[in-house]
Amino acid sequence: MSSNTTTATAVVAHAANDLRVEAIEVATPAAHEAQIAIAYGGICGSDLHYWSHGAAGESILKAPMVLGHEIVGTVTAAAADGTGPAAGTMVAVHPATPGGTGARYPQERPNLSPGCTYLGSAARYPHTEGAFATTVNLPSRMLRALPAGLSLRDAALAEPAAVAWHAVARAGEVAGKRVMVIGAGPIGALAVAVLKRAGTAEIIAVDMFDRPLEIAAAAGATATLKADDADAIAAVEADVVIEASGNHHGLASAVRGAVRGGRIVMVGLLPSGEQPALISLAITRELELVGSFRFNDEIDDVLAALADGTLDVSAVVTHEFGVDDALEAFAVARNSAESGKVLLRFTAEG
């Protein structure tokens, strides 16, 4: 190893069912990069897919890749070019790098840019390495200094909460309305918390399992329903439905449970390719089906809301493991019947 590198402990996906905690080299940061001591990382569904299947949708592992994009930590070396926060600053991370040419997209919505990359993604080759490591180098533009009084542990869900915030924003005005959330996994539960903050009058959470429904209720759901209770779901007549299950059965429940003229926000990512859908019912009820993909600058709003206490996501975290126990953590996270958001702890909070 050369003198300008150090080592870090990282969580690396090598192939399907081949996840390793191993030492990696960390080079000297580029001029626009800061070096970060990662404190916490949240295990996302995409991380689970890379572990379980060697792919997340059409993003296929072609080489070992460090996982992780839901991370917070402390700057240990500021960017040499003078950009970004100073050493010692606690930060959350916006993991996207917008860009690319070709397909047209609204410039004010960089999450839709055709060449957008994300930390811990195999969408392109070479892969975009993630940040599940004790030490990482990241572009300073990705870093968001935590507001005063907000701890790293409490900020650990900022990235997935921003996904939920973006989805709720895509729903339009929700204050005083009846909203149903299909799928009470971490994103669904976070959407419940965001809806509660937004003044939603009724929040009905739907899931197959009891534990996610308990988490959703603690996050602010006013009622819960089992996913197999088709009659009860149809009777909701929700003004807005947030579809967070990523399953075509969930989308069917959303169509059946939406009020005529209602809006369905699809944030759960269905598998690629054709999917069955109740399109005729959506047409005759004049439903609006709206996509929601990642987020833009909503992470800044999330951090402010976490800091001032108006957004409470504490119920969503159910487990925490040290990085050396990452394999156990991933197994727990995969069991959606028993877990919400599972955190990995990399270094002690500064």
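Before moving on, here are some points about what is shown:
- Among the residues making up the range 143-155, those that are within 16 Å of Thr310 (Cα to Cα) and not in a helix (DSSP H, G or I) are Leu146, Pro147, Ala148, Gly149, Leu150, Ser151.
- Just one of the numbered conditions (1) surrounded by 17 or more Cβ atoms within 10 Å (Cβ to Cβ); (2) modelled with pLDDT under 95 is not true of Arg124: (1).
- Checked against (1) surrounded by 14 or more Cβ atoms within 10 Å (Cβ to Cβ); (2) hydroxyl-bearing (Ser, Thr, Tyr); (3) closer than 26 Å to Ala148 by Cα, Ser314 passes all but condition (1).
- Residue in the range 56-77 that is in a loop (DSSP other than H, G, I, E, B), more than 19 Å from Phe321 (Cβ to Cβ), at pLDDT below 95 and not aliphatic (A, V, I, L, M) present: yes
- For the range 66-87, a residue qualifies if it is in contact (Cβ under 8 Å) with a residue 12 or more places away in the chain, surrounded by fewer than 23 Cβ atoms within 10 Å (Cβ to Cβ) and either of a type in the set (A, V, I, L, M) or closer than 23 Å to Ala161 by Cα (or both), and the qualifying residues are Val66, Thr74, Ala77, Ala78, Ala80, Gly84, Pro85, Ala87.
- Verdict on Val93 being touching a His at 6+ places or on another chain (Cβ under 8 Å) and buried (at least 20 other Cβ atoms within 10 Å of the Cβ): yes
- The residues on offer are Ile215, Ile204, and the sole one that is more than 14 Å from the chain's Cα centre (by Cα) and either assigned to a strand (DSSP E or B) or surrounded by fewer than 24 Cβ atoms within 10 Å (Cβ to Cβ) (or both) is Ile204.
- Matching residues in the range 276-325 - criterion: being in a loop (DSSP other than H, G, I, E, B), of a type outside the set (Ser, Thr, Tyr) and within 15 Å of the chain's Cα centre (by Cα): Phe293, Arg294, Phe295, Asn296, Asp297, Val313
- Flag for Ala156 being surrounded by fewer than 24 Cβ atoms within 10 Å (Cβ to Cβ) and either farther than 28 Å from Phe321 by Cα or not charged (D, E, K, R) (or both): no
The values are calculated or read from the model by the stated rules, or taken from the named source; none is laboratory data. Since this is a predicted model, take the numbers as computed values, not measurements. Virtual Cβ from ideal backbone geometry, glycine too; neighbours counted across all protein chains shown.
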